[in-house]
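In what follows, a single structure is set out as structure tokens and then discussed.
The values are calculated or read from the model by the stated rules, or taken from the named source; none is laboratory data. Predicted model, so just to flag it, every value in this text is computed and none were measured. Cβ sites come from the backbone with ideal geometry, for glycine too, and all protein chains shown count toward neighbours. Each accessible area value is taken on the protein alone, full model and side chains, heavy atoms only, with ligands, DNA and RNA left out. Shrake-Rupley method; radii C 1.70, N 1.55, O 1.52, S 1.80 Å.
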Amino acid sequence: MKKIIYSLAALLVLLVLGRYMRPATQESGYDLAGFAELPVQVGGRIKPLDSVARNTLLVLAARQKVETLDGQILSPIEWFLDLTMRPERADTHPVFKIEFPDDLGLDGLYQPGKRHYSFNDLRPHFETINQRFREIDPEPKKRDAYQRQIAELNNGLSLYHRVMHSLHPIGEPQRLDQLADEYRSYLSLLQPAMAELRKQKDGENYDAELVKTFLGFGEDYIRLSQTAQLRIIPPPAPIDPMEDWFNLGDELLNVIQTGQLSPYAMSYAGLTMAYRAGDATTFNQTLSELLQRVTADFPDDIGRVHFERLFNASQPFAIAIELYVLVFIFICISWLRWPATLGKAAFWILCLAFALHTFGLAARMYIQERPPVTNLYSSAVFVGWGAVLLGAFLEKFHRNGIGGAMAALVGFSTLIIAHHLAMTGDTLEMMRAVLDSNFWLATHVIIITLGYSAMFFAGALAIAFIFLGLLRRSFDKSAARSLTGMVYGITCFAALFSLVGTILGGIWADQSWGRFWGWDPKENGALMIVIMCAITLHARWGGIARERGIMALAILGNIVTAWSWFGTNLLGVGLHSYGFTDSGFLWMCAFALSQLLCIAFAYIPSRYWRSEFGQSQP
Amino acid sequence: MLTALLQIFGSLRLTVILLSASMVLIFFGTIDQVEYGIWHTQKLYFESFVVAWQYPALWPAGDQLTWLRIPMFGGYTIGSLMLINLTVAYTRRFSLKAAKIGLYAIHSGLMLLIVSELLTDLLAVESQMTVPENGRANYSQTVRENELVLIDRSHPDHDQVHAIPAEILKPGHTLDIPDTSLRARVLHFYPNAQLVRTSDASSPANRGVATKMGVTAIPRAPDYSEKAINTATAYIEILDGDASLGTWLLANVLDERFPPQTVQTYERDYEIALRFQRHYYPFEIELLDFAHDKYPGTDIPFNFSSKVITHHPEPAKNQQALIYMNHPLRYEGLTFYQASFSPDETATILQVVRNPGWLLPYFSVLLMGLGMTYQFGLHFIKYLNKRKPA
């Protein structure tokens, strides 16, 4: 039996891994991996086009793939190729996610059952969308669901347009077929046109036709410089990492001063023409020249850019999510049959998931050169990581599956939350000046986030206590005592970390703007966690709460922690906005209600408890 | 009797009740910030003895439920009761044991923290100083508070400022103006108002800008949002003995951009104004250079810093410093922080804080952190000794 169970576990793990390890489809013949690795400067750092494609798609479509009209599945970089090089085709891809299309009041848009719409579907409604956008509340926190949807759609269309024109000028798609020729004729026109312009200025006879053509280019490129989203052209070597890159429009205008077009612009034109002509050989040839240039220009950065693409493709968090589910199922079954074998298998899968979780965390740290928690997304990843660490530790000591199951539960939930938080775009963004302090990020933020981990883990253990006590006959007094001890210990840990973290935050605030404590929502939230721990601990020491009371308090701690972590972000302080219409608010409420329900379970009279522990209660 | 009372005040039950009360207070003191902003809520909830939360009109069924109020103890009440609770518990249960050293450290730290927060509430002063590049400033001001001032500009080398804080400008009251023979009678005081030009003659003012430009004030509800600046406005009558010298419309928006309003007495002229409260210092700060760096290719600020030099009457105290994020200048009992800058980046805005108790939280933190580490460390070692990994 043992062997069968272990082989089954191994098989399931391999199945999960296998789904993510499939090699990228290369059937088209284009070197997609190479293209995905081309660097751009976005949000203050250099990253691969792959990240840009994924983040843009997440913002627009809330997922990392595109399903075309003919049922083909495109990876983000394939979609990006279409968007920037074959816009006429990209416009037919349904990438705009509209949650409630019928609420928008756009006549003829809504198609039953359809949630993703293409640029062409939306084309007849541009005027209306833009007009409605101008009518809504300019303060984002005060917008209702309808207004948010309009704003999202309007901003999405603008983002789509701006990313599309990152690699080529604005105009008919056919213009892209002669892109390199266009640049060449612009360059050859430059000297003569400047001479003619000087003549015009001096009042001499000049070639009006030539000047007009040239000014036509100029106007076009000015428009492009205002539109193009991505800075794809680095300044000429040697390159200072703090220097601004140029978008294509800026570069084409720079030419008027420098007289030379960056080879990067020429290469992108070549790639565009080859891709449109379906000429994979030329595409790959041009690409490999461009990549060689990149390697020569950025010897220090290319490794990181390459790694970021691999990290994107490996999706460690997605795999960890599935493995956590597997762990949870294994442990639940282990409580019914084969506890030792299944428990052991579950523990090792938990370790594997934890290793992937850790790899993801470390990879983000390497890419960003920052401590692990820099924004809400990374805090979610880290809260889960901390809780899994605690759970694996307890499981190692107690070997009863409770620590492992709850670790898997919290790990899974927090990674799901992180997944949804990632929809807003780049999760590896730069820090604003006031937050830009690796010292405080590494101390205050880490410690306080570990406090969240401990609070949620204690709460999860308490929920396990209640369900085991209610349902499981063999849950006896000594098991209850041991579990209470765990909740108590983790709460002590949470108290220490929350307190030290909160106070370090105060010191940071004192260093930054001279106020140790300002009673702002985030600070208050952190303080509430500290107080919650203090209540639980004092209630236990004073004998005011017994096992079930402690469990109820620990579950209440879940609500307080969720409030501190997310709830405070919903409030529009001083704006008269409570965030009721935010989808985050609904989730908050649902979570709080579920926890209150668990607390109510804790107080079900003991005669209804099936466990030995419950029966022994007065 | 006394023993019973001490038992109640020193009990863990009271501790738990107070902790729970503080949690409720903090929760409502957080959500009410949506209505009143941080600054005002802090006064209502945490720097008070009692407070009542009112059901917000914006909540579901808000129009029917605004009568609903939840009274609760404010920060001062809870803080004092906690101090009493801790002190009584200490005196009743104190015993010097190694196993309890951590607990004493934690709770002493907590007492220190409560005291330091009270000191900060009472003593700390925050204001902002704007210094133009290559220019100097010798005062800071706060846009949250206002003052009524009479300025005597007749001295050749300095001006004399007679100031009354706006907090005590209560309608109907008559106040002595410090160091003068004059008195100010407050006809109206509006924390926020809109100034409009009108031909309507109902304005009580009979001097200055109100009569010259036909301006009157329409009271408005104060705006509590973070960046809002309220237009504090008042109608003030100045009395010399019992004789009225006139009534002026004063507002903090009628600043240097407008011609000064003047009170004439037999002896001298005074400029009269209602302005943001100023704090003057015996030294000047000169801004040598302001720098503002952004991440490449973005508008996200990466760093901003001010290079300043101080000019003190005692030259030995002059000092040059670079003020930037997380690196304030501590000087003459004040601390200068990089707060902001003017939109054209030619002037820096420094946050100036005077807080004599600023070091106390650091001690308290040290006590609490070490105490907890010690106490829970003991528990943890016991746990590890009891259980070896299976």
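Among the listed pairs A:LYS65/A:LYS114; A:LYS97/A:LYS522; A:LYS344/A:LYS396; B:LYS97/B:LYS382; A:LYS477/B:LYS97; A:LYS141/A:LYS522, those whose Cα-Cα separation exceeds 21 Å are A:LYS97/A:LYS522; A:LYS477/B:LYS97.
Taking Cα atoms only, the orientation of helix B:75-93 departs from the longest principal axis of chain B by about 30 degrees.
Computed over segment A:281-365, the Cα gyration tensor eigenvalues convert (square root of 5λ each) into semi-axes of 43, 13, 8 Å, ordered from largest to smallest.
Counting only Cβ charges, +1 for Lys and Arg and -1 for Asp and Glu, the dipole size of segment B:108-209 around its Cα centre is about 460 debye. Put a plus charge on the Cβ of each Lys and Arg, a minus charge on the Cβ of each Asp and Glu, and nothing anywhere else: the dipole of segment A:438-618 about its Cα centre is then about 720 debye. Only the Cβ atoms of Lys and Arg (+1) and of Asp and Glu (-1) were treated as charged; on that basis the dipole of the protein assembly as shown about its Cα centre amounts to roughly 6080 debye.
Using a 7 Å offset from Cα along Cα-Cβ at A:HIS306, what residues in segment A:255-299 end up with backbone N under 14 Å from the label point? Under cut-off, by backbone N: A:291-299. Need the C-alpha centroid separation for segment A:81-111 versus segment B:307-330, integer Å. Value for the Cα centre distance between the two parts: 58 Å. Using a simple spin-label model with pseudo-atoms 7 Å out from Cα toward Cβ, A:LYS201 and B:LEU187 lie 6.4 nm apart. Using a cutoff of 8 angstrom between alpha carbon atoms and counting only pairs six or more residues apart, the relative contact order for segment A:438-618 works out to 32 percent.
Counting only other chain Cβ atoms within 10 Å of each residue's Cβ, the peptide B:373-383 averages 2. Descending by average beta-carbon neighbour count within 10 Å, the peptides B:168-174, B:82-88 line up as B:82-88, B:168-174, the highest first.
Take each residue of peptide A:177-185, count the partner chain Cβ atoms within 10 Å of its Cβ, and average: the result is 0. Ignoring lysines fewer than eight residues from A:LYS201 along the same chain, the ones with Cα atoms less than 30 angstrom from its Cα are A:LYS212. Rounded to the nearest 10 degrees, the angle from helix A:339-368 to the longest Cα principal axis of chain A is 40 degrees. When the alpha-carbon atoms of segment A:173-302 are used, the pair Rg, Dmax equals 16.7, 53 angstrom. Each Cα pair under 8 Å and six or more residues apart adds its separation to the average, and for chain A the resulting relative contact order is 12 percent. The mean count of C-beta atoms from other chains within 10 Å of the C-beta of residues in A:487-498, rounded to a whole number, is 2. A dipole drawn for the protein assembly as shown from +1 and -1 charges on Cβ atoms has a positive end, and of B:VAL16, A:HIS419, A:PRO618 the residue lying farthest that way is A:PRO618. Residues B:THR130, A:THR427, B:THR348 ordered from highest to lowest accessible area at a 1.4 Å probe: B:THR130, A:THR427, B:THR348. The residues A:ARG231, A:ARG337, sorted by heavy-atom accessible surface at 1.4 Å with ligands and nucleic acids left out, run A:ARG337, A:ARG231 from largest to smallest. At a probe radius of 1.4 angstrom, the accessible area of segment A:173-302 per residue rounds to 53 square angstrom.
Between the residues A:VAL52, A:PRO124, A:LEU109, the greatest Cα displacement towards the positive end of the dipole of segment A:48-164, with unit charges on the Cβ of Lys, Arg, Asp and Glu, is found for A:VAL52. With N the number of residues in segment A:234-337, Rg(Cα) / (2.2 N^0.38 Å) evaluates to 1.75. Coordinate range of the alpha-carbon atoms in segment B:140-279 per principal axis, descending: 42, 37, 29 Å.
Between 0 and 90 degrees, the angle of helix A:248-258 with respect to the longest Cα principal axis of chain A falls at about 40 degrees. Ranked from largest to smallest solvent-accessible area, with a 1.4 Å probe on the protein heavy atoms, B:TYR324, A:TYR183 come out as B:TYR324, A:TYR183. If you model chain B as an ellipsoid using its alpha carbon gyration tensor, with each semi-axis the square root of five times an eigenvalue, the axes come out at 47, 30, 23 Å, biggest first. Using the Cβ of A:TYR488 as centre and a radius below 13 Å, the other residues enclosed give a net charge of +3, where K and R count +1 and D and E count -1.
Modelled spin-label separation between A:SER594 and A:ILE329, with each label point placed 7 Å from Cα along the Cα-to-Cβ direction: 1.9 nm. When the protein assembly as shown is described by a simple charge dipole with +1 on each Lys and Arg Cβ and -1 on each Asp and Glu Cβ, the residue from A:GLN595, A:SER267, A:SER564 located farthest towards its positive end is A:GLN595.
The string of couplings for segment A:585-601 from the Karplus curve (6.51, -1.76, 1.60, θ = phi - 60°) is 5, 4, 5, 4, 4, 4, 5, 4, 4, 4, 5, 4, 4, 4, 4, 4, 4 Hz, one whole number per residue in order, with x for Gly and Pro.
Using just its DSSP H runs of length 4 or more, each adding -39500 (n - 2.57), chain A gives a mean residue ellipticity at 222 nm of -22000 deg cm²/dmol after division by all residues.
Across segment B:140-279, C-alpha contacts under 8 Å between residues 6 or more apart give a mean separation that, scaled by the residue count, equals a relative contact order of 30 percent. Quick one: among B:THR77, B:THR66, B:THR142, which has the greatest mean-square fluctuation in a GNM of chain B with alpha-carbon springs under 10 angstrom? Most flexible of the set in this elastic network: B:THR66. Treating each Cα of chain A as an identical point scatterer and ignoring solvent, apply the Debye formula and state log10 I(q)/I(0) at q = 0.07, 0.09, 0.11 Å⁻¹. Here the Debye-derived log intensity ratios amount to -0.56, -0.86, -1.17. Which residues belonging to segment B:37-51 lose at least 40 Å² of 1.4 Å-probe accessible area when the assembly is complete, relative to their chain isolated? So the qualifying set is B:ILE38, B:PHE46.
Interface A-B: total buried accessible area of about 5900 Å², 1.4 Å probe, protein heavy atoms only.
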